[in-house]
Amino acid sequence: MSTSPKILLVKLSSLGDVLHNLPIVWDLRARVPDAQIDWVVEEGYVHLLEPLLSNDGFRGIDRIIPFGLRRWKKNLFSLATWKEFFAFRETLQISAYDVLIETQGLLKSAIVCSLARKSPNAVVAGLANATEFSGYEPLSRFFYNQSVQVPKQCHAVDRSRWVMCSALDWSLMERNDAPQFYPKAFVQNIPGTSVQGLKAPYILCFHSTAREAKRW
């Protein structure tokens, strides 16, 4: 494989799943620093990836490709919805990807992989089985040319790394109890972020979620 492969990560949602996928960006940069790394994500979670965007002094994610499925489903018969969808598909055709890593195991994610332009010998890798406490749709396997069997009891970070290592023909990485998620400079600035109307020290409790059934 080239020392500068074009890699597409497909992890669409939700918040926790996207966060658990971040360490593989660091893994990829450590081993293939000159790779092009793009990521397709549901548009509501783009902000989770923005701190990892490549810039003059940092190589992370080269391109974030927003996916508006949740919003599109609410206006499925709208002309504007289909225009946005076709524009999204065109974006996936800009680069011919050598490796596509789908770590969600859902049909919608697998279909995104099928829409992307690929190099002649591209690897499309995804999950071959469900794991504990995670959603999985077996039909997604039909869109891969490499289905990766993972242990049923497997942490989400390890699961993503398992698929990545298989896709790139790497030996499995040893478990890291403190994988890196964001650049150190970004993390160091978080404690200094002020919340309007609150005086330090303060405690912030996150008590809401996307689905009404989970709200309490």
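When the criteria are applied in full, Glu132 meets the requirement of being more than 18 Å from Leu8 (Cβ to Cβ) and not basic (Lys, Arg).
Taking the conditions (1) surrounded by 13 or more Cβ atoms within 10 Å (Cβ to Cβ); (2) modelled with pLDDT of 95 or more; (3) aromatic (Phe, Trp, Tyr) in turn, Phe86 satisfies each one other than (1). One residue stands out in segment 11-66 among those that are polar (S, T, N, Q) and assigned to a strand (DSSP E or B): the one that is surrounded by the fewest Cβ atoms within 10 Å (Cβ to Cβ), namely Asn55. Pairs meeting the criteria (first residue in segment 113-129 and closer than 17 Å to Asp169 by Cβ and surrounded by fewer than 21 Cβ atoms within 10 Å (Cβ to Cβ), second residue at pLDDT 95 or above and of a type in the set (S, T, N, Q), beta carbons under 6 Å, at least 6 apart or on different chains) are Ala128/Ser147; Ala128/Gln149. Condition (residue is more than 20 Å from Glu102 (Cβ to Cβ) and either of a type outside the set (Lys, Arg) or in contact with a helix residue (DSSP H, G or I) (Cβ under 9 Å, 6 or more places away or on another chain) (or both)) applied to segment 157-170: is it met by at least one residue? No, segment 157-170 contains no residue that is more than 20 Å from Glu102 (Cβ to Cβ) and either of a type outside the set (Lys, Arg) or in contact with a helix residue (DSSP H, G or I) (Cβ under 9 Å, 6 or more places away or on another chain) (or both).
Filter segment 67-85 down to residues that are part of a helix (DSSP H, G or I) and of a type in the set (S, T, N, Q), then give me how many there are. Spell out the reasoning first.
The initial filter retains those residues of segment 67-85 that are part of a helix (DSSP H, G or I), namely 69-75, 79-85.
Retained after the next criterion (residues that are of a type in the set (S, T, N, Q)): 75, 81.
Qualifying residue count, segment 67-85: 2.
Among the residues of segment 18-66, count how many are in contact with a Gly (Cβ under 9 Å, 6 or more places away or on another chain) and of a type in the set (D, E, K, R). Selection size over segment 18-66: 3. Evaluating Ile64 against the criteria (1) hydrophobic (A, V, I, L, M, F, W, C); (2) closer than 16 Å to Ala116 by Cα; (3) more than 19 Å from the chain's Cα centre (by Cα) leaves one unmet condition, (3). Say whether the condition of being in contact with a helix residue (DSSP H, G or I) (Cβ under 8 Å, 6 or more places away or on another chain) and without any contact (Cβ under 8 Å) to a residue 12 or more places away in the chain is met by at least one residue in segment 71-79. Checked against the condition, which is being in contact with a helix residue (DSSP H, G or I) (Cβ under 8 Å, 6 or more places away or on another chain) and without any contact (Cβ under 8 Å) to a residue 12 or more places away in the chain, segment 71-79 yields at least one hit.
The values are calculated or read from the model by the stated rules, or taken from the named source; none is laboratory data. Owing to the predicted nature of the structure, the values given are computational and were not obtained by experimental measurement. With ideal geometry, Cβ positions are generated from the backbone for all residues, glycine too; neighbour counts draw on all protein chains shown.
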